[in-house]
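K.L.:
Mind looking over this structure? Questions follow.
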Amino acid sequence: MGSEGPSSVVTVHVTGFKKFHGVSDNPTETIVANLKQFMEKRGLPKGLVLGSYTILETAGQGAVAHLYKVLQSAISGREKELGSSATPSPIVWVHFGVNSGATRFALESQAVNEATFRCPDELGWKPQRVPIVPSDGSINRTRETKLPVVELTRSLRKLGYDVALSDDAGRFVCNYVYYHSLRFTEQNGILSLFVHVPLFLTIDEEVQMQFAGSLLDMLASLLH
């Protein structure tokens, strides 16, 4: 899949979150902070370029400006590609978030245009049944990832990971960020995926790092 030649690379950008109410040690902050070194030591698959690594504030409305700045950075060089005859190389955003009650990994297939926070976010916002993007209409509006999540889930299970396909990313900050990301990526011809992980107490750090690495390997293979 994708064009042939040396320019046929998949660039993956990753985000995680800082600590938040009830989660003093967010595993996604550790995963994202260590992923570059981990992948380089493990060996990068052919056709994969690691882009940015960003730890986001666990907040909704107050962190949107930063989120969009981060998302925009991924396409800053794309204008030059579009000006050439070559097909632009795939760009993928992978967002990691923690589900403290989970016992396995989950690939999120969609996000919903609803913010109903169970507790205030880290900037003190606690919306209830409000649209994330009012111009998108109803809080029932959904946006789906264009990535083959069924295939990804199946392949990760074959490698021995306990992973589920989910169509409900909650209504807290994870869903909030994913909705904005899916909207942005749809508008800019790139791709987005949200991945929920458990606490390290449930699945240890080494297994979670291996899982993240395997996911990136598969994305490179699917899109290269």
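The values are calculated or read from the model by the stated rules, or taken from the named source; none is laboratory data. Computed from a predicted structure; not experimentally measured. As a convention, Cβ positions derive from the backbone with ideal geometry for all residues, glycine included, and neighbour counts pool all protein chains shown. For accessibility, only protein heavy atoms count, side chains too; no ligands or nucleic acids. Shrake-Rupley method; radii C 1.70, N 1.55, O 1.52, S 1.80 Å.
K.L.:
Relative contact order (percent) for segment 103-199, with alpha-carbon contacts under 8 angstrom and 6 or more residues of separation?
P.N.:
45 percent
K.L.:
Also: Tell me the relative contact order for the chain as a rounded percent, counting alpha carbon contacts under 8 Å between residues six or more apart.
P.N.:
Over the chain, the number comes to 31 percent.
K.L.:
Using amide H atoms built 1.01 Å from N in the peptide plane, name the residues 5+ places from Leu56, or on other chains, whose amide H lies under 5 Å from its own.
P.N.:
Gly16, Phe17, Lys18
K.L.:
Let me ask something additional. Helix-derived [θ] at 222 nm for the chain: sum -39500 (n - 2.57) over DSSP H runs of at least 4, divide by residue count, nearest 500?
P.N.:
Helix-only estimate at 222 nm: -10500 deg cm²/dmol.
K.L.:
Same structure again: Considering only protein heavy atoms, what is the solvent-accessible area of Trp125 at a probe of 1.4 Å, reported in Å² to the nearest 10?
P.N.:
Answer for Trp125: close to 60 Å² accessible.
K.L.:
Considering amide H positions built from the backbone, and no H for Pro or chain starts, which residues 5 or more places from Val130, or on another chain, come under 5 Å of its amide H?
P.N.:
Correct list: Ala115.
K.L.:
Using +1 at the Cβ of each Lys and Arg and -1 at the Cβ of each Asp and Glu in segment 10-223, identify which of Gly213, Gly189, Leu152 lies farthest towards the dipole's positive end.
P.N.:
It is Gly189, whose Cα lies furthest towards the positive end.
K.L.:
Right, another one. Per residue, how much accessible area does segment 10-223 have with a 1.4 Å probe, in Å²?
P.N.:
I get 45 Å² per residue for segment 10-223.
K.L.:
With a 1.4 Å probe and all protein chains left in place, how much of the accessible area of the chain comes from carbon and sulfur atoms, in whole percent?
P.N.:
The nonpolar share, carbon plus sulfur, comes to 51 percent.
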